[in-house]
Amino acid sequence: MASFEVDYGYLTCRLHENMAIIQVNYGTRKIYTSVGSKEKVISLLNGIMQSKEVDGILVLCSDAYAGHEDYKQILMESLNKEAHSNQSISTTYRSALGQLLEKVYSMPMPVVMGLNGDIGPDSFGLSLAFDLRISSSSAVVFNQNIQLGFPSSALLSFYLAQALGSPKATELILTKTEFSAEELLNLGLISKIVPPQDLETACLNELRKLTKIPGPVILETRNTLKPDLDIIMTCLKKGIEGSLRTIYSTKA
């Protein structure tokens, strides 16, 4: 058993044919309010990076989306804690997310994400930092912040603007509450769609192809194409500050 193989219930990691497979079934509350869950992922990636057994990483993600009203309550709880706390929860959250993004960018091997089921906006935004994304036919990405009275997910907005340009990203953020797998494919945001039962196999097949590329080439390609992390962190800061202003203006 490799040192990084773990089972936390909502987060597991196993080694399969020199591929580290991370399974994430967070549930909405952990996605949006738990710094500890992100720290566990960072710890996993540290262990994988130090291992000589791993040639590539596959992350299989499903959010177990809770529904509009539950999601709104979770956002309100998090933002209210931020508004009445002496300790900046958002700063801690941004720091953990920044470390996670930095770790993904610095992995000396390919990183692929498989999307299945209901996916929240932050999780899909994070997936756009990966080298490749493959979706099951049942995947749906939710983008409900605007309709619930909150600014859009900063992470999703940032990467959509990077991928599609600001005008198209703005249009989609303001008018779309969800994206089907077919829509994501047509936008060029995922590489292919497969049946849910074939998702892991399809992802591993693509990952094996990418492992033939030398690690330094992958790293330098990311350095050339990916945006500077400081720019992303500034965008995340603006996003949370905008959400707090929304809370205050609603209460006024």
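Readers should treat all values here as calculations from the given coordinates under stated rules, not as data from a laboratory. What you see is a predicted model; the values in this text were computed from it and never measured. All Cβ positions, even for glycine, are placed from backbone atoms using ideal geometry, and neighbour counts span all protein chains on display.
Could you work out how far apart the two model spin labels at Thr221 and Glu102 are, taking each label as a point 7 Å from the Cα in the direction of the beta carbon, and quote it in nm?
In this crude label model, Thr221 to Glu102 measures out at 2.5 nm.
Name the long-range amide H neighbours of Leu60: under 5 Å, sequence gap of 5 or more, or other chain; modelled H, no Pro or chain starts.
Close amide H contacts, sequence-distant or interchain: Ile22, Gln23, Val24, Gly114.
Run the simple label-point estimate for Glu241 and Ile146 please: 7 Å along Cα→C-beta, distance reported in nm.
A separation of 2.3 nm, rounded to one decimal place.
Tell me the label-point distance for the pair Glu17, Lys209, using the 7 Å Cα-to-Cβ offset, in nm and rounded to one decimal.
1.5 nm
Could you give log10 I(q)/I(0) at q = 0.11 Å⁻¹ for region 118-214, computed by the Debye formula over C-alpha point scatterers of equal weight, without solvent?
Once normalised to I(0) and log-transformed, intensities are -0.34.
Kindly flag which residue pairs out of Lys40/Lys176; Lys40/Lys168; Lys209/Lys237; Lys103/Lys212 have an alpha-carbon separation exceeding 28 Å in this structure.
Lys40/Lys176; Lys40/Lys168; Lys209/Lys237
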